[in-house]
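J.: I'd like to ask you about the structure that follows.
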Amino acid sequence: MGNELRHIAFIMDGNGRWAKKRHLPREFGHRAGVETFRRVLTHCRDLGIPFITVYAFSTENWKRPQHEVDALMDLLSRYLRECLRDAKKNKARFCFIGDPEPLSDALKAQIRDVESATSGYDSVVNIALNYGSRHELVQAFEKLVREGKTEFTEEDVDRALYTAHCPDPDLIVRTAGEKRLSNFLLWQAAYAEFYFTDTLWPDLSNREIDSIVADYSARVRRYGAVKEEPSSGANGKGDEAS
Ligand code: IPE
Ligand code: IPE
Ligand code: MG
């Protein structure tokens, strides 16, 4: 029996490099990235994974050239329109994690519409938009202080984060070769497994996802305790040491 995979998260990186390799403007990479996102979402749902989170735009991505930011917001708006249209077909609850404040009023309204149209479904797709983990943590502590708390438990913090409706991610996959979190789910990733692939996000195939999931499934997750490797169990059945 492999590890259960309830929550998979993707840092969708490498769209710009994908376009550059083809001598195309970066925006074309983002467009291809949206296609991959749609396919990956369907594939993960077919695999029975109930929680999927994707990093779409970070609090630091505003530093990019204005035309690229505009193109990303435009793609997002188009995707939201499609999401609203296909709400019944997708059968997933779409949640936006991040600070919506700097987004346009039109985009904020689209987000509200998609969230309310899909709120009745159990399986969850989180789209991290203007998301930054440090900002999320600061906002969480501010919220707790506003509630009058002077002492917090870990559960209090969990409840105050954007991800309060989700278990912690089991597996975080980053494409395009970079081996960093870039301000993504710092608190929630305390015991996540990581997988880094050189594949650029638009090129990530379903077959590679299957092999990433298989790799994750075979890992030994100890959470600081002692757990014997499956093959070294005393009775040969992969029993756990206490
Ligand atoms: C990820 O691809 C998409 C976003 C950050 C919005 P990049 O645009 O970061 O692609 P690279 O890293 O430049 O190749
Ligand atoms: C992380 O990718 C953010 C998203 C994938 C949305 P970046 O491309 O922005 O990260 P850095 O700048 O390489 O760390
Ligand atoms: Mg990048």
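The values are calculated or read from the model by the stated rules, or taken from the named source; none is laboratory data. Keep in mind the model is a prediction, meaning the values are calculated, not measured. Cβ coordinates were reconstructed from backbone atoms using ideal geometry, including for glycine residues, and neighbour counts include every protein chain displayed. Side chains are part of the model used for accessible areas, which takes the heavy atoms of the whole protein and leaves out ligands, DNA and RNA. Shrake-Rupley method; radii C 1.70, N 1.55, O 1.52, S 1.80 Å.
J.: If a residue must be within 12 Å of the chain's Cα centre (by Cα), within 14 Å of ligand 2 (Cβ to nearest atom) and of a type outside the set (D, E, K, R), how many such residues does the stretch 165-182 contain?
T.: Result for the stretch 165-182: 3.
J.: What helices (runs of 4 or more DSSP H) completely inside the stretch 8-97 contain at least 3 residues that are within 16 Å of ligand 2 (Cβ to nearest atom) and either touching a Phe, Trp or Tyr at 6+ places or on another chain (Cβ under 7 Å) or in contact (Cβ under 8 Å) with a residue 40 or more places away in the chain (or both)? So that I can check it myself, show each step before the final result.
T.: Working: elements: 15-21, 26-46, 66-85, 87-90.
Where helices (runs of 4 or more DSSP H) fall fully within the stretch 8-97 and carry at least 3 residues being within 16 Å of ligand 2 (Cβ to nearest atom) and either touching a Phe, Trp or Tyr at 6+ places or on another chain (Cβ under 7 Å) or in contact (Cβ under 8 Å) with a residue 40 or more places away in the chain (or both), they are 15-21, 26-46, 66-85.
J.: Now for a separate question. Restricting attention to the stretch 107-134, which residues are open to solvent by 70 Å² or more (accessible area, probe 1.4 Å) and in a helix (DSSP H, G or I)?
T.: ARG112, ASP113, SER116, ARG134
J.: Let me ask something else about it. Sort through VAL54, VAL124, VAL34, VAL69 and tell me the only one that's more than 16 Å from ligand 3 (Cβ to nearest atom), at negative phi and among the β-branched types (Val, Ile, Thr). Explain how you work it out, then say what you get.
T.: Details: VAL54 fails: more than 16 Å from ligand 3 (Cβ to nearest atom); VAL34 fails: more than 16 Å from ligand 3 (Cβ to nearest atom); VAL69 fails: more than 16 Å from ligand 3 (Cβ to nearest atom).
It is VAL124.
J.: Okay, moving on. Can you report the number of residues in the stretch 194-227 which are buried (at least 16 other Cβ atoms within 10 Å of the Cβ), closer than 17 Å to ILE52 by Cα and in contact (Cβ under 8 Å) with a residue 60 or more places away in the chain?
T.: Summing the residues that are buried (at least 16 other Cβ atoms within 10 Å of the Cβ), closer than 17 Å to ILE52 by Cα and in contact (Cβ under 8 Å) with a residue 60 or more places away in the chain in the stretch 194-227 gives 5.
J.: Please determine whether any residue of the stretch 123-144 is touching a Pro at 6+ places or on another chain (Cβ under 7 Å) and within 16 Å of ligand 2 (Cβ to nearest atom).
T.: Within the stretch 123-144, one or more residues are touching a Pro at 6+ places or on another chain (Cβ under 7 Å) and within 16 Å of ligand 2 (Cβ to nearest atom).
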